[in-house]
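Structure first, then comments.
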């Protein structure tokens with residue numbers, strides 16, 4: 001009886017602590033932006049974005065969509081001048097056991113047999129085209145913001161939605177660039 | 001070690017019981033669900049189907065197998081997530097329900113213990129003699145009926161006490177009237193006899209009228225003196241002044257009182273030389289000792305022995321007056337301090353009653369022990385200190 005009780009107390013403490021620890025705080029890391037062939041491009045990746053639950057869902061064969069939204073603002077103005085988004089889609093082939101990652105900013109799909117590699121690639125943004133240089137005017141200051149959000153996973157036939165953003169505490173990771181001018185980009 | 005309050009004890013016990021019951025409830029449901037979850041996993045449906053497809057790749061289309069494997073994964077995934085949610089929700093349940101029950105318990109216990117505290121302080125006040133006290137009722141309290149009954153009981157007590165006091169007062173008046181009637185009747189007979197004798201001798205022109213007149217006048221004057229003494233004693237009893245407390249040497253007082261009585265009894269003094277200064281009314285204490293010494297002498301008509309002792313123990317002054325008289329009968333022992341009660345032929349019955357009242361004014365006690373033909377001992381105990389009177393005056397002077 002006391003054994004069961006102490007086991008219960010331990011599991012209760014673990015469960016109570018998991019209330020606070022089951023969530024992760026995703027962050028943009030290794031971010032950079034530059035002009036490439038007259039286009040402002042952004043590179044970066046999201047770190048600390050996986051936990052056991054998210055991995056379990058990824059390995060179940062359900063399609064997971066990670067949407068990157070980017071907005072260009074003029075410095076001092078919250079209303080975006082330009083807004084667009086790109087999506088990364090990962091799906092596990094339950095029969096042949098490989099991961100397919102489609103990125104809307106890329107033409108070809110990527111295939112991974114290793115889960116860790118797939119995870120790394122899924123959250124990686126490489127030379128994301130933000131805007132052409134013609135968009136930017138001389139003498140004005142700009143900044144851009146990139147955010148990422150996971151779409152809910154809908155389990156067909158079970159009519160059940162899994163809100164993936166709850167694992168990120170409903171806080172999308174955000175990158176905000178420093179203020180820049182056209183001159184800064186060209187230099 | 002002082003135990004925590006009743007309220008805290010109940011809260012701790014209830015909280016422990018609640019946590020244990022919550023944990024066991026959680027344990028029961030989680031065990032059931034874990035078994036169910038293990039049963040699903042142990043089926044290894046995914047591997048079985050996958051192996052089946054691997055072995056019959058040529059005859060089974062991948063597009064047919066894929067949804068089945070996805071569905072199996074869906075089941076395992078939802079089971080895994082549900083289990084996790086259950087763990088969280090059951091934890092929430094234990095914590096939240098525990099808090100809710102604690103709050104409810106706190107409110108209920110407050111509703112119970114607060115009136116109980118009022119009841120407790122009320123009983124103390126009533127024990128101190130204040131029958132006007134009433135406990136405030138609270139209609140939300142589960143013990144409101146008890147409070148209501150308690151208030152009714154106090155009301156009854158107050159009413160009965162008033163009746164009792166009235167009855168005692170009536171009885172006292174009756175007793176006093178009887179004593180007065182008896183005391184007045186006694187001198188009236190010789191007065192009447194003396195006046196009748198004088199009248200008879202006067203009208204009979206008796207030769208020895210002068211002698212009879214003189215004798216009768218002596219009797220009349222003596223009885224008038226007796227009546228005056230009686231009136232004086234009653235008046236003194238009715239108008240006993242309040243005590244005037246001072247510090248003084250009570251041994252010295254006893255020594256000063258004794259000399260006039262040395263001729264009537266063999267008096268031994270055993271006075272504690274270490275006795276601290278006594279705090280009391282010097283006049284009243286003198287009267288106390290004089291009354292008790294006179295009583296003792298009257299109890300020893302054939303010159304007996306008397307011992308007067310003073311000592312100080314446990315911060316209490318103890319005085320003992322012991323005689324070798326005939327003692328007091330057991331029937332009289334209970335009544336000797338009652339006013340107007342006397343066993344003497346020429347007594348008012350006020351002496352010991354006055355002594356008791358004076359000792360009471362000094363917040364002391366007087367006890368009596370007596371054995372037939374061996375003697376009587378009166379024991380006075382007073383532990384009044386100067387500080388007590390100062391505290392009393394400070395608290396009750398207004």
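The values are calculated or read from the model by the stated rules, or taken from the named source; none is laboratory data. Bear in mind that the values here come from a model prediction, so they are computed numbers and not experimental data. All Cβ positions, even for glycine, are placed from backbone atoms using ideal geometry, and neighbour counts span all protein chains on display.
All told, residue B:107 meets the bar of being away from chain A (no Cβ under 11 Å) and at negative phi. The set of residues in segment A:152-161 that are surrounded by 12 or more Cβ atoms within 10 Å (Cβ to Cβ) and within 20 Å of the chain's Cα centre (by Cα) comprises A:152, A:153, A:154.
Of the residues making up segment B:17-27, those that are surrounded by 12 or more Cβ atoms within 10 Å (Cβ to Cβ) and more than 9 Å from chain A (Cβ to nearest Cβ) are B:18, B:21, B:25. Against the test of being in contact with a helix residue (DSSP H, G or I) (Cβ under 8 Å, 6 or more places away or on another chain) and within 14 Å of another protein chain (Cβ to nearest Cβ), the options A:150, A:164 yield a single qualifying residue, A:164. Given the criteria within 29 Å of the chain's Cα centre (by Cα) and more than 30 Å from residue B:273 (Cα to Cα), does residue B:210 qualify? Against the criterion (within 29 Å of the chain's Cα centre (by Cα) and more than 30 Å from residue B:273 (Cα to Cα)), residue B:210 does not qualify. All of (1) surrounded by 13 or more Cβ atoms within 10 Å (Cβ to Cβ); (2) within 13 Å of another protein chain (Cβ to nearest Cβ) hold for residue B:56 with one exception: (1). Tell me whether segment B:67-75 contains one or more residues that are touching a helix residue (DSSP H, G or I) at 6+ places or on another chain (Cβ under 7 Å), at the interface with chain A (Cβ under 7 Å from one of its Cβ atoms), at pLDDT 85 or above and under 26 Å from residue A:58 (Cβ atoms). Checking segment B:67-75: at least one residue is touching a helix residue (DSSP H, G or I) at 6+ places or on another chain (Cβ under 7 Å), at the interface with chain A (Cβ under 7 Å from one of its Cβ atoms), at pLDDT 85 or above and under 26 Å from residue A:58 (Cβ atoms).
Would you point out the residue of segment A:93-125, among those that are in contact with a helix residue (DSSP H, G or I) (Cβ under 7 Å, 6 or more places away or on another chain) and touching a residue at least 12 places away in the same chain (Cβ under 8 Å), that is nearest to the other protein chains (Cβ to nearest Cβ)?
Just the residues of segment A:93-125 that are in contact with a helix residue (DSSP H, G or I) (Cβ under 7 Å, 6 or more places away or on another chain), to begin with: A:94-95, A:99, A:101, A:110, A:112.
Then drop every residue that is not touching a residue at least 12 places away in the same chain (Cβ under 8 Å), which leaves A:94, A:99, A:101, A:112.
On the way: A:94: 4, A:99: 14, A:101: 18, A:112: 18 Å.
So, considering only residues that are in contact with a helix residue (DSSP H, G or I) (Cβ under 7 Å, 6 or more places away or on another chain) and touching a residue at least 12 places away in the same chain (Cβ under 8 Å), the one nearest to the other protein chains (Cβ to nearest Cβ) is A:94.
Of the strands (runs of 3 or more DSSP E) lying entirely inside segment A:64-151, those containing at least 2 residues that are crowded, with 18+ Cβ neighbours inside 10 Å span A:64-74, A:82-93, A:98-103, A:124-132, A:142-150. Of the residues making up segment A:152-167, those that are touching a strand residue (DSSP E or B) at 6+ places or on another chain (Cβ under 7 Å) and outside any strand (DSSP E or B) are A:152, A:164, A:165. Residue check: is residue A:46 more than 18 Å from residue A:131 (Cβ to Cβ), assigned to a helix (DSSP H, G or I), modelled with pLDDT of 90 or more and touching a strand residue (DSSP E or B) at 6+ places or on another chain (Cβ under 8 Å)? So residue A:46 fails the test.
Okay, residues lined up against (1) outside any helix (DSSP H, G or I); (2) more than 10 Å from chain A (Cβ to nearest Cβ); (3) without any contact (Cβ under 8 Å) to a residue 12 or more places away in the chain; (4) surrounded by 12 or more Cβ atoms within 10 Å (Cβ to Cβ):
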position: B:39; (1), (2), (3), (4): no, yes, yes, no
position: B:46; (1), (2), (3), (4): no, no, no, yes
position: B:65; (1), (2), (3), (4): no, no, no, yes
position: B:84; (1), (2), (3), (4): no, no, yes, yes
position: B:87; (1), (2), (3), (4): no, no, no, yes
position: B:145; (1), (2), (3), (4): no, yes, yes, no
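Within this structure, residue B:26 passes the test of being assigned to a helix (DSSP H, G or I) and at pLDDT below 80.
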